[in-house]
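Here's the structure we're looking at; comments come further down.
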Amino acid sequence: MSRGWISGEVKEEIRRRTDIIAMVSAHVTLKKSGRRYRGLCPFHQEKTPSFHVDPERGLFHCFGCGAGGDVFDFAMRSANLTFMEAAQELGRRAGVEVETSPDAAERASEREQILRALDAARGYFRASLASAGRKARAYLERRGVSEEIAGRFHLGYAPPGWDGMLTALQARGFPPAVLEQAGLVAPRAGGGYYDVFRDRLIFPILDLQDRVVAFGGRALDEAEPKYLNSKETLAFSKGRVLYALGAARDAIRERGEVLVVEGYMDVLACHQFGFRNAVASLGTALTTDQVGLLRRFAPRAVLIYDPDQAGAAAAERGLALCEEAEVSVRVAVLPSGEDPDAHLRRHGAEAFGRLITGALPMFEYRLEAAALRHGPGLREGKLALVDEMLDAIQTVANPVRAAEYLRALAGRLALPEEALRQRLRSRKRSGRSPEQQQAAITPSDNRAREEAERLLLHLMVAEPARRTDLARVLDADAFSDPAHRALAAVLLVSPDAEAVALREGLDESASALLVRLAFEPPPVTERDKDRAASEAVRYLVHTRPEAVERERLWVALQAAQTRGDEAELRRLQAAYSELITAGRRRN
Ligand SMILES: [Zn+2]
């Protein structure tokens, strides 16, 4: 693992001053469990938490995808940074000076430059709202957006004209090429560049580290499109970001529920009226990544959509994704022609609160929507409705929930539950073929070796005191697996170093193994530890090498016999019986 070139003391100081729990909590809700914390992994999609954080050691590890490491690794992975970028970022937050050479600063990655340009652009838009943004300020006032909310969401204004921002940012040293990569300017046909956002109200889009990654701009007159978003860049991928998630994070955790609306103005209104757990999907439909993101913070979601055709389709897609991710989801349907912003301003917080309380659980919502479409009074309508709902039930992973849905469907249509179950079964038989079972075969002697090696490594990681004793009877060559051997070599000569410190000298796979072992529960009970350790040592130092040697001698014996090489045969036979005797003596 490349650790860059900052000094060990600086790294240690940053580690000491960085609260790994606070840092990880910016990305995922953690629950305390013993001395450690647990949550859903931010690095892969999962339904049950296998991501662990150990605040004492300053390490994290995911048993699902194997991601693991310290605060530097977390920063690198979660924000897609190089080690030096992570060190700078963490150093800045911890108040530790991280020195860089001038050309290192120059070599700061493209992404870092883009983020800096976006941050400068936010400042420019913000200042323009105060100085030149009379039109935008009037618009906000007309829409009832409070100053406090405008400030909390860093709203800004892009003045008309073609190169106001280009000129301002160029004067601050940003090359036009970087501004183009950041999606702020576009090349002009005849050469040069022009501002992408002109005469628009600006909504900065922030990531979970509160850095601006993109902008949304709303036209203040009849200009098309009404809403314009930054193009996808190295810093921004539309389907992976939720608008206002950072601002809503704490409220989402507190309530255990997230409100999903469609637009920027909807989010602003929700937050202003006290619904601070609202986020927007930056498009009509939620994506898998966005649902995964939501899931890390709350187990429940309420989708709030316009009842129009596009809104209903978006809700459908969002529902399916939430169902897949086992997010418990309800749908609040607004009165026709109203979005959350309009609804809140017209009817107030209390009415909106009732709308959310009355939101239908996913299955009921679907049933009502489908009933409206098919008109279940008629026989054909009823059949089509049954089939549509059975389609939905078949995709439900959780059998208990599937059974509940079946019951609800039977009740709603006044049909015997058994009839629905039969239809479901017959569809399943004719439908998809069952998945092939994979036969995973592991050679048993490899497994015994693997287990013995891991047991000893685990003990040495968890209990430094054992390292010295084991070093007397064992050396690293007794370990066959290369990562095991590399880790053993370091552990056996480091009688009291903490796990984190040992990672420095290891390659990537040995370092990942070390972190994993630091999180794994002990493979044996406290009482059995000593016995298991000496058995493992005996296996690795004697039993297994002897078995390998016996095997080798046996093959050689056969060959000598076939060749008729008497002298060699006698020599091998002597070696063989000596090996057997030595083994007996020890047992
Ligand atoms: Zn994971």
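The values are calculated or read from the model by the stated rules, or taken from the named source; none is laboratory data. On a predicted model such as this, the values are computed, not experimentally measured, just so you know. Every residue, glycine as well, gets a Cβ built from its backbone with ideal geometry; the counts of neighbours run over all protein chains shown.
In the stretch 56-69 there is at least one residue that is closer than 25 Å to Gly505 by Cβ and aliphatic (A, V, I, L, M).
Among the candidates Arg300, Arg317, Arg296, the residue that is surrounded by fewer than 18 Cβ atoms within 10 Å (Cβ to Cβ) and touching a residue at least 40 places away in the same chain (Cβ under 8 Å) is uniquely Arg300.
Only a single item in (1) more than 10 Å from the ligand (Cβ to nearest atom); (2) outside any loop (DSSP other than H, G, I, E, B) is not met by His61, and it is number (1).
Taken over the stretch 75-132, the criterion of being of a type in the set (Asp, Glu) and at pLDDT 85 or above is satisfied by Glu89, Asp119.
At least 2 residues being closer than 21 Å to Leu242 by Cα is the threshold, and among the strands (runs of 3 or more DSSP E) wholly inside the stretch 126-227 those reaching it are 200-206, 212-219. Considering (1) touching a helix residue (DSSP H, G or I) at 6+ places or on another chain (Cβ under 8 Å); (2) within 12 Å of the ligand (Cβ to nearest atom), the lone condition that Arg15 does not fulfil carries the number (2).
For Glu56, the conditions (1) away from the ligand (no atom under 16 Å from the Cβ); (2) assigned to a loop (DSSP other than H, G, I, E, B); (3) surrounded by 18 or more Cβ atoms within 10 Å (Cβ to Cβ) all hold with the exception of (3).
Evaluated against (1) polar (S, T, N, Q); (2) surrounded by fewer than 20 Cβ atoms within 10 Å (Cβ to Cβ); (3) within 19 Å of Gln88 (Cβ to Cβ), Thr18 falls short on exactly one condition, (2).
Of all residue pairs spaced 6 or more apart or on separate chains, those with beta-carbon atoms under 6 Å, a first member in the stretch 173-194 that is over 13 Å from Leu118 (Cα atoms) and a second member that is assigned to a helix (DSSP H, G or I) are Tyr193/Leu166; Tyr193/Pro176. Any residue at all in the stretch 203-224 that's on the phi > 0 side of the Ramachandran plot and surrounded by fewer than 16 Cβ atoms within 10 Å (Cβ to Cβ)? Scanning the stretch 203-224, I find at least one residue that is on the phi > 0 side of the Ramachandran plot and surrounded by fewer than 16 Cβ atoms within 10 Å (Cβ to Cβ), so the answer is yes.
The test for being assigned by TED's automatic domain parsing to the domain that holds Phe174 and buried (at least 16 other Cβ atoms within 10 Å of the Cβ) does not hold for Ala138. The one condition from (1) assigned to a loop (DSSP other than H, G, I, E, B); (2) more than 16 Å from Leu540 (Cα to Cα) that Ala510 does not meet is (1). Scanning the stretch 21-53 for residues that are surrounded by 17 or more Cβ atoms within 10 Å (Cβ to Cβ) and of a type in the set (A, V, I, L, M), which turns out nearest to the ligand (Cβ to nearest atom)? So the residue we want is Leu40. For the stretch 277-313, taking the residues that are among the β-branched types (Val, Ile, Thr) and assigned to a loop (DSSP other than H, G, I, E, B), the one that is farthest from Pro49 (Cα to Cα) is identified as Thr284. The residues listed here are Ser480, Ser494; of these, the one that is polar (S, T, N, Q), surrounded by fewer than 20 Cβ atoms within 10 Å (Cβ to Cβ) and under 20 Å from Thr543 (Cβ atoms) is Ser480. Confirm whether Leu470 is touching a helix residue (DSSP H, G or I) at 6+ places or on another chain (Cβ under 6 Å), aliphatic (A, V, I, L, M) and either in a helix (DSSP H, G or I) or buried (at least 19 other Cβ atoms within 10 Å of the Cβ) (or both). Answer is no for this residue.
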